[in-house]
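One structure is given below, encoded as structure tokens.
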Amino acid sequence: MICVQKLILGETDISKPQIWTGWQKREHHSTAKAPEIPIDRLAWHTGSWQGALNGGLLEDTWLPPKADTISALVRFSKDGKTEFVEIIKIEKVGNSFELRLQLYDPPMRPQSDKPHVFNLSKKSRWASMDC
């Protein structure tokens, strides 16, 4: 199951971040009519993060925003073995964002024929995702 938990875009007043949620599979063709927001608002993702998940360790490393995209490499390991690797790209498309991701098994075979594509469908305070 693939779920995108949240995408935070800081406002001018950083004490009041906005959370863009509700990513939907591309075939829904429902994208939020967002105000003009630069990809640089996602710069807070930049860096390496890790945390426990389902008895394993999930690690992700995000590159800084550039050329209307921000990208990440994710690895999930458990019991001393890599379970999967994932590549994520969030791209500014018009006044909204598109998220593409592809999962790979340990020998680096894609787990699906095409990347999963999600479009931002709504803006809300809490994270949600059609999975």
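Bear in mind these aren't lab numbers, they're just calculated from the coordinates by the rules spelled out. Since we're looking at a predicted model, the values are computed, not measured. Don't worry about glycine lacking a Cβ; one is built from the backbone with ideal geometry, like all the others, and counts go over all protein chains shown.
Overview of values
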quantity	calculated
Linear extension gain, ILE87 paired with GLU59, 0.36 nm per residue minus alpha-carbon span	8.9 nm
Size of charge dipole - the stretch 48-106 - debye, nearest 20, with Cβ of Lys, Arg +1 and Asp, Glu -1, no other charges	100
Highest to lowest packing among 74-81, 93-100, scored as the average C-beta count within 10 Å	93-100, 74-81
Hz values of 3J(HN,Hα) by residue in the stretch 92-99 - Karplus curve (6.51, -1.76, 1.60), Gly and Pro given as x	6, 10, x, 9, 9, 10, 10, 10
